[in-house]
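The structure that follows is given in the form of structure tokens.
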Amino acid sequence: MKPTIMTAAILATALILGAQSADAHSKKEETQPADGAVLDMSPSAVAMRFDMPMRVTLISLTDQDGTAHDLTRTDNMQPVSEFSATPPVLPTGQYTVEWRGLAADGHPMQGAFSFEISN
Ligand SMILES: [Cu+2]
């Protein structure tokens, strides 16, 4: 094989593999509140739905000042398709949820979503 052809073959393989691994988790997870939601009261739950069971290893809720607010988890650190946690009663403001997890297929995953509480 000429070097140029070999390079092209390797590139094509890398592209196909890359597309497959990205495709395995192509569905954007559904969240509660929805990403970008504007609420008129503090949400009763912070939740994510995954396309396969996920062991959520880390989750944080921070406001616009970077202050962290505790979330009470209900998953016992087990893999779940629907993760839910209870926040404290939150004042008006802008909030970001960030999570990391390990998918059932062993892939490390992470995500973030934001919502606003406004009067
Ligand atoms: Cu995966």
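The values are calculated or read from the model by the stated rules, or taken from the named source; none is laboratory data. Everything quoted here is computed from the prediction, not taken from an experiment. Note that each Cβ is placed from the backbone with ideal geometry, even for glycine, and that neighbours are counted across all protein chains shown. These accessible areas exclude ligands, DNA and RNA; they are computed on the full protein's heavy atoms, side chains included. Shrake-Rupley method; radii C 1.70, N 1.55, O 1.52, S 1.80 Å.
Which is assigned to a strand (DSSP E or B) and without any contact (Cβ under 8 Å) to a residue 40 or more places away in the chain, of Q110, Q78? Spell out how you get there, then give the answer.
On the way: Q78 fails: assigned to a strand (DSSP E or B).
Only one candidate passes the filter, namely Q110.
Which of the residues spanning region 99-119 are surrounded by fewer than 17 Cβ atoms within 10 Å (Cβ to Cβ) and within 14 Å of R55 (Cα to Cα)?
The answer is R100, L102, A104, D105, G106, H107, P108, Q110.
Of everything in region 1-15, what is among the hydrophobic types (A, V, I, L, M, F, W, C) and either open to solvent by 70 Å² or more (accessible area, probe 1.4 Å) or modelled with pLDDT of 95 or more (or both)? Give them in sequence order. Outline the logic, then answer.
Just the residues of region 1-15 that are among the hydrophobic types (A, V, I, L, M, F, W, C), to begin with: 1, 5-6, 8-12, 14-15.
M1, I5, M6, I10, L11, L15, listed by residue number.
If you go through region 16-65, how many residues are out of contact with any strand residue (DSSP E or B) (no Cβ under 6 Å at 6 or more places or on another chain), modelled with pLDDT of 95 or more and either open to solvent by 70 Å² or more (accessible area, probe 1.4 Å) or within 14 Å of the ligand (Cβ to nearest atom) (or both)?
Adding up the residues that qualify gives 4.
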